[in-house]
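Asks: Sharing a structure here in structure tokens format.
The values are calculated or read from the model by the stated rules, or taken from the named source; none is laboratory data. Because the structure is a prediction, the values reported are computed rather than measured. Don't worry about glycine lacking a Cβ; one is built from the backbone with ideal geometry, like all the others, and counts go over all protein chains shown. Accessible surface areas use protein heavy atoms only, side chains included; no ligands, DNA or RNA. Shrake-Rupley method; radii C 1.70, N 1.55, O 1.52, S 1.80 Å.
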Amino acid sequence: MLALLATLLGLLVLLLWITRGPPQVPATVIDDPSLPRLAGDGVRLHGRIAGADGAPLVIVLHGGPGGDHRSLRALEGLSDIYRVLFYDQRGAGLSERVTEDRLGMQDHLADLDALIAAHGGGPVVLVGHSWGAMLATAYLGHRPEAVSQAVLIEPGFLDAAGLAAFESRRARLSRSPRVLWAGLLAGFRARGVTGDADAARDSIVGTVIHAFANHPANPYHCRGRAYDAPAWRFGSRASDAFWCDPSTVLDAMAPGLTFSGPVLIVAGGCNDWTGAPLQARHIGLFPDARMEVIEGAGHDTTWDRPEATLSAIRSFLARPPGGS
């Protein structure tokens with residue numbers, strides 16, 4: 001018994017030593033007035049616009065839910081022709097934190113309505129990555145007249161069959177010892193986190209999400225590489241609001257699958273989970289969709305292969321209406 005207690009005490013001391021020094025969690029637009037911001041639907045969003053006034057508007061939708069647009073900034077390369085609007089979604093990144101009852105799909109769609117109305121009224125191009133591609137799909141059904149073209153980079157799922165397959169694999173990876181250990185260490189490190197009420201939990205969940213994405217069995221990154229797409233800060237409430245019942249997102253996305261405009265679906269060549277095999281099936285869900293595979297890229301093609309991803313998007317956006 002004494003030996004067991006000594007072992008446990010030793011492990012506790014080791015954990016405290018390993019996790020000494022809390023992580024620094026950046027402030028949101030509420031506490032940092034220097035951050036560029038945009039107005040959503042009754043919420044302050046971290047974001048900015050690149051490109052000339054009057055140019056066609058491209059709106060970039062990041063993944064998560066709970067992520068931010070940091071790893072997608074290479075899309076600013078489109079600003080030679082377009083105005084490119086980047087923003088962190090409500091409750092995520094460096095945007096204002098809100099309660100879970102204000103983090104539903106309708107709230108995200110209302111923010112897009114507000115952004116489009118404030119910056120020209122549309123039609124716009126939507127470029128969404130992962131969860132952002134799913135949000136874009138929901139918007140295609142919500143306001144199809146406001147969108148001319150859509151680029152969907154590796155949506156995780158778009159229908160019930162996709163949700164079941166995604167959740168099965170996600171659950172296995174989330175319960176792996178590597179991810180659980182990362183969460184335990186993050187919890188100890190977060191004891192001294194300072195900042196707003198969500199800072200400590202955002203730090204913990206963000207660490208777990210990175211460990212999940214960087215897991216050796218997760219093809220979000222190419223074999224032999226680390227998943228190193230950067231982020232400012234994760235939004236734990238935004239993630240929770242989604243994962244408490246992801247099936248509700250299916251109803252919101254279903255009308256978007258009838259969108260008659262051109263859709264480009266982008267897949268990472270290294271990814272056999274949400275990459276080409278899944279996205280090839282997603283092509284058939286839209287009336288007018290095609291796929292581009294970015295070789296040498298994982299889940300975040302814009303970070304892994306920015307020039308190749310930009311080239312594919314430019315070629316697609318230059319496609320004349322009804323063209324092939």
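Asks: Using a ≥ b ≥ c from the Cα gyration tensor of segment 150-242 (square roots of the eigenvalues), is it rounded, prolate or oblate, where a/c under 1.5 gives rounded and otherwise the larger of a/b and b/c decides, a/b for prolate?
Replies: Working: a/c = 1.76, a/b = 1.45, b/c = 1.21.
Here segment 150-242 falls in the prolate category.
Asks: In a solvent-free Debye calculation with one equal scatterer on each Cα, what is log10 I(q)/I(0) for segment 98-209 at q = 0.10, 0.15, 0.18, 0.22 Å⁻¹, listed in the order of the q values?
Replies: -0.45, -0.88, -1.04, -1.15
Asks: Under 5 Å between amide hydrogens, which residues at least 5 positions from VAL266 or on another chain qualify, with H placed 1.01 Å from N in the peptide plane?
Replies: Close amide H contacts, sequence-distant or interchain: LEU152, ILE153, GLU154, GLU292.
Asks: Nearest 20 debye, what's the magnitude of the dipole of the chain about its Cα centre given +1 on Lys and Arg Cβ and -1 on Asp and Glu Cβ?
Replies: The calculation lands at about 880 debye.
Asks: Can you tell me the 0 to 90 degree angle between the C-alpha axis of helix 306-317 and the longest principal axis of the chain, rounded to 10?
Replies: Taking Cα atoms only, the helix is inclined about 30 degrees.
Asks: Starting from 0.36 nm per residue, how many nanometres of slack lie between ARG191 and ARG48 once their C-alpha separation is accounted for?
Replies: Going from the current span to full extension adds 48.2 nm.
Asks: While we're looking at this one, here's another question. Which loop-located trypsin sites (Lys or Arg not before Pro) does segment 213-287 contain, where loop means any DSSP state but H, G, I, E or B and the Cβ has at most 10 other Cβ atoms within 10 Å? Present the calculation step by step, with values, prior to reporting the outcome.
Replies: Numbers: sites: ARG223, ARG225, ARG233, ARG237, ARG281; in loops: ARG223, ARG225, ARG233.
Taking segment 213-287 and a limit of 10 other Cβ atoms within 10 Å, the loop trypsin sites (Lys or Arg not before Pro) found are ARG223.
Asks: Considering only DSSP beta bridges with both partners in the chain, what is the antiparallel share in %, to the nearest 5?
Replies: On the way: 7 of 31 bridges.
Beta bridges within the chain, antiparallel portion: roughly 25 percent.
Asks: Further question: Which order, highest average first, do 285-291, 260-266 follow once you tally other Cβ atoms within 10 Å for each residue and take the mean per peptide? Mind showing how you got there, number by number?
Replies: Values: 285-291: 16.4, 260-266: 21.9.
My ranking of the peptides, most packed first, is 260-266, 285-291.
Asks: Once both axes come from the Cα atoms, what is the angle between helix 160-174 and the longest principal axis of the chain, in degrees from 0 to 90, rounded to 10?
Replies: 30
Asks: If you don't mind, another one. Viscosity 0.890 mPa s, temperature 25 °C: give me the Stokes-Einstein translational D for segment 208-324 in µm²/s, with Rh taken as the Kirkwood radius over C-alpha pairs.
Replies: 153
Asks: Something else now. Based solely on C-alpha atoms, express the radius of gyration and the Dmax of the chain in angstrom.
Replies: So, for the chain, Rg and Dmax equal 20.1, 77 Å respectively.
Asks: Right, something else. When the accessible area of the chain is split by element with a 1.4 Å probe, what percent falls to carbon and sulfur?
Replies: 58
Asks: List the GluC sites (Glu not before Pro) within segment 258-324 that DSSP assigns to loop and that have no more than 14 neighbouring Cβ atoms inside 10 Å.
Replies: Filter output for segment 258-324: GLU295.
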